[in-house]
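S.K.: Handing you a structure now.
All of the numbers you see were taken from the coordinates with simple rules; none came from a lab. Being a predicted model, the structure only gives us computed values, none of them experimental. For neighbour counting, all protein chains shown are included, and Cβ atoms are generated from backbone atoms with ideal geometry for every residue, glycine included.
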Amino acid sequence: LSFLAAREHSAFELRRKLQQRFYKYAAFDVSVLVERCLQEMQESDFQSDERFTNRFVESKLANNPNGPYKILQDLQNRGISREMSEKILHKLGNQELWLKKALKCLERLHKKGKEQSPAVLNQKLYQRGFSWETIELALAEYQNFIKHSESGDLNAEPETFTTENH
């Protein structure tokens, strides 16, 4: 239970941590013991993959400018099924949200002061897990922002490009 005190864990993560802890001291195969512990934690509702997934996605949406495919990959790396991941992502995210996240990512890159080609920005957004549709929309809005900022017309800055409201 001490593993769950700090944060939620998926069953996959707990299984791995329990095996590592028990294997240090056991002279026998502890996989049955680990599975029994995990089952008891789930039956007592100390561990739930669905609750873990909800909290993980909410945290990623609040703190990271990553797209849905990156979040899906992170969840799969933690042993969460694609079906459950997609269900929770669909419930919590939408196209408008992903566009805002992509624009926030572009804004961070822009603040670094290094001008980058659209192809490089496209690749950076793709690596962060955004869909091609979202990337195209975000880059079009970003290029519009750049065009207006170069002409000195900062009042024409698209509302979604500013992250003050987010």
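S.K.: For the stretch 110-125, take each phi angle, set θ = phi - 60°, evaluate the Karplus expression 6.51 cos²θ - 1.76 cosθ + 1.60, and give the result in whole Hz per residue in order, putting x for glycine and proline.
M.R.: 3J(HN,Hα) across the stretch 110-125, in whole Hz: 5, 5, 5, x, 8, 6, 10, 5, x, 5, 5, 5, 4, 5, 5, 5.
S.K.: Which order do the peptides 127-140, 81-94 come out in when sorted by mean C-beta neighbours inside 10 angstrom, highest first?
M.R.: 127-140, 81-94
S.K.: For the stretch 48-93, what's the radius of gyration and Dmax over Cα atoms, in angstrom?
M.R.: For the stretch 48-93, the Cα radius of gyration and maximum Cα-Cα distance read 9.1, 26 Å.
S.K.: Cα-Cα over 18 Å: which of LYS60/LYS112; LYS91/LYS124; LYS70/LYS104; LYS111/LYS147; LYS87/LYS124; LYS104/LYS124?
M.R.: Flagged as over cut-off: LYS60/LYS112; LYS91/LYS124; LYS87/LYS124.
S.K.: Moving to a separate point now. Using the Cα atoms of the stretch 54-152 to build a convex hull, what is its mean projected area in square nanometres?
M.R.: Across all orientations, the stretch 54-152 yields a mean hull projection of 6.5 nm².
S.K.: Return the sequence-ordered ³J(HN,Hα) values of the stretch 135-142 in whole Hz as given by the Karplus equation 6.51 cos²θ - 1.76 cosθ + 1.60 applied to θ = phi - 60°, using x for Gly and Pro.
M.R.: For the stretch 135-142, the Karplus curve yields 4, 4, 5, 5, 5, 4, 5, 5 Hz.
S.K.: If the only charges are +1 at each Lys and Arg Cβ and -1 at each Asp and Glu Cβ, what is the size of the charge dipole of the stretch 1-112 around the Cα centre, to the nearest 20 debye?
M.R.: It comes to approximately 740 debye.
S.K.: Once phi is turned into θ = phi - 60°, what whole-Hz ³J(HN,Hα) does the Karplus curve with 6.51, -1.76 and 1.60 give for every residue of the stretch 84-91, x standing for Gly and Pro?
M.R.: Result, ordered by residue: 5, 4, 5, 4, 6, 4, 5, 5 Hz.
S.K.: Same structure, new question: Taking 8 Å as the Cα distance limit and 6 or more residues as the minimum spacing, I'd like the relative contact order of the stretch 48-93 as a percentage.
M.R.: 47
S.K.: Then there is this: Collect residues whose amide H, placed 1.01 Å from N in the peptide plane, falls under 5 Å from the amide H of GLN47; neighbours closer than 5 in sequence don't count.
M.R.: GLN42
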